[in-house]
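> Following this message is one structure expressed as structure tokens.
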Amino acid sequence: MSLARGTRVLLFLSALLLVLILGVHIYTRVAPSVPLRLPEVVLFGVKKSGTEALKSMLSEHPQIVVSRLVNFYDKNFGKGVKWYVDNLPPARPDQVLIDRTPAYFTGGAIVPQRIYATKSDTLLIVVVRDPVDRFVSDYLHWEDRVSLNTSFHQFAFSYDPLSIRNTSGVTSRLDRSCYATHLRHWLDIFPSNQILIVDGDRLKVAPWVEMDRIQRFLGVKQIISKHHFELEPNRGFYCWRVSSPSPVCLGSKKGRTHPVLSQTELELLRRRFSLCNSQFRSQLTELTDPPTFQWHY
Ligand SMILES: Nc1ncnc2c1ncn2[C@@H]1O[C@H](COP(=O)(O)OS(=O)(=O)O)[C@@H](OP(=O)(O)O)[C@H]1O
């Protein structure tokens, strides 16, 4: 018995619809459910201030997950939010997800603008340390990579101060220690109660004090405290043991021995940063929980 053409078309379309419905059903059951999860927190710098130590300490907290370097908001923004989310570690709903990308700090106004446009309630954490020490640390990091056997003295003082561009990247490394210039971009966009400045020098000598501030800021349980830290006798840096079976210490690339600066060198560098520092100190008054630093210049 042959069916009318109209009935056959109807049957074909119904079968197609059934296959489609079944396909969608199977896909949603089988495919891993990856809810769009943007980080609630961005740890945005400053390079050589203790961001790795902080990342490692925070990762020991059961309610916190910290990403590897993703550089989404500066270098990879064009790849889209899906790429960003796909490149973040999984986090449970009860955990705080943190994007740690120290280069964001010096990425200009565009970085905080992008973060705000993507997720305006993002909390921001930035670690800073004595600007001269940070600059020296940046030099050691650079020298370690390029191995030009350039002494700190050559690096920092044998360039033409009038020339903005110089081959060894002195100015960009000096500029990174001028915190006020960069922080301005972030304060212009984000409410000040969404920003926490961590004292990188205290993070080194009394990490539990800064952990206390950070856990409060993030609204997680105060789990990491003084008894989780132990001093590594040879290097004089703290290690931590919270959820790991053995103490976590950073490798030899963190905590390098700094060159001793002459009084004149120290004075010159401090003078270089003094204006930035006074601007930075007045910016701190805008914050809810401003840090108190041990450097005064
Ligand atoms: N516990 C512990 N162990 C080792 N090092 C510690 C620690 N806490 C803070 N620091 C300081 O971290 C400095 C490196 O900063 P960063 O991790 O931000 O550097 S980087 O930008 O990610 O390369 C690094 O700088 P340098 O001392 O100049 O090497 C350290 O001073």
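> Considering Cα pairs under 8 angstrom that are at least six residues apart, work out the relative contact order of the chain and quote it in whole percent.
20
> By how many nm would the segment from R241 to R68 lengthen if fully extended, with 0.36 nm per residue of separation less the alpha-carbon distance?
60.2 nm is the gain from fully extending R241 to R68.
> While we're on this one: In whole angstrom, and with the biggest value first, how far do the Cα coordinates of the chain range along each principal axis?
Extents along the principal axes, in whole Å: 105, 49, 40.
> Kindly identify region 73-214 as rounded, prolate or oblate by the Cα gyration tensor criterion: order the square roots of the eigenvalues as a ≥ b ≥ c, call it rounded if a/c is under 1.5, otherwise compare a/b with b/c, prolate if a/b is larger, else oblate.
Prolate shape, in that a/c is at least 1.5 and a/b is the bigger ratio.
> A further question follows. What net charge do the residues around W240 carry, taking every other residue with its C-beta under 10 Å from that of W240, with Lys and Arg at +1 and Asp and Glu at -1?
That works out to -1.
> Right, another one. Leaving out ligands and nucleic acids, note down the accessible area per residue over the chain with a 1.4 angstrom probe, in whole Å².
54
> Add -39500 (n - 2.57) for each DSSP H run of 4 or more in the chain, then divide by its residues: what number comes out at 222 nm, to the nearest 500 deg cm²/dmol?
The per-residue figure over the chain is -13500 deg cm²/dmol.
> Here's something else I'd like to know. Among I110, G6, Q154, which residue has its Cα positioned farthest towards the positive end of the charge dipole of region 3-284, with +1 placed on the Cβ of Lys and Arg, -1 on the Cβ of Asp and Glu, and the dipole taken about the Cα centre?
G6
> For every other residue with a beta carbon closer than 12 angstrom to the beta carbon of R37, add +1 if it is Lys or Arg and -1 if Asp or Glu, then tell me the sum.
0
> 5 Å is the cut-off here: which amide hydrogens, built 1.01 Å from N in the peptide plane, fall below it relative to V248, excluding neighbours closer than 5 in sequence?
Here W240, R241 satisfy the definition.
> Ok, one more. Name the residue farthest towards the positive end of the dipole of the chain from the options Q63, G80, F190, assuming +1 on Cβ of Lys and Arg, -1 on Cβ of Asp and Glu, about the Cα centre.
Farthest towards the positive pole: G80.
> On to the next question. Report, to the nearest whole %, how much of the accessible area of the chain belongs to carbon and sulfur atoms, 1.4 Å probe, protein only.
Roughly 59 percent, rounded to a whole number.
> Please list 87-99, 194-206 highest first by mean number of surrounding beta-carbon atoms within 10 Å per residue.
Per-residue mean Cβ counts within 10 Å order the peptides as 194-206, 87-99.
> Using 0.36 nm per residue, how much length does the chain from E267 to K253 gain when fully extended, once their Cα-Cα distance is taken away?
Using 0.36 nm per residue and subtracting the Cα-Cα distance, I get 2.3 nm.
> Still on this structure, please answer the following. For region 3-284, with the dipole built from +1 on Lys and Arg beta-carbon atoms and -1 on Asp and Glu ones, taken about the Cα centre, which of P90, W142, G169 lies farthest toward the positive end?
Value: P90.
> Quick one: putting +1 on the C-beta of Lys and Arg, -1 on the C-beta of Asp and Glu, what dipole do you get for region 147-297 around its Cα centre, in Debye to the nearest 20?
Roughly 260 debye for region 147-297.
> Please list, in chain and number order, the residues 5+ apart from V96 or on another chain whose amide H is under 5 Å from its amide H, with Hs placed from the backbone.
I64, V65
> Nearest 5 percent is fine: what portion of the DSSP beta bridges confined to the chain is antiparallel?
Roughly 20 percent of the beta bridges in the chain run antiparallel, per DSSP.
> Mind checking the dipole of region 3-284: about its Cα centre, +1 per Lys or Arg Cβ, -1 per Asp or Glu Cβ, Debye to the nearest 20?
780
> I would also like to ask the following. Amide H to amide H under 5 Å from L123: which residues, 5+ apart in sequence or cross-chain, H placed 1.01 Å off N in plane?
V41, V42
The values are calculated or read from the model by the stated rules, or taken from the named source; none is laboratory data. The structure displayed is predicted, hence computed values, not measured ones. So basically every Cβ, Gly included, is an ideal-geometry build from the backbone, and we count neighbours across all protein chains shown. Keep in mind that these areas ignore ligands, DNA and RNA; they rest on the heavy atoms of the full protein, side chains included. Shrake-Rupley method; radii C 1.70, N 1.55, O 1.52, S 1.80 Å.
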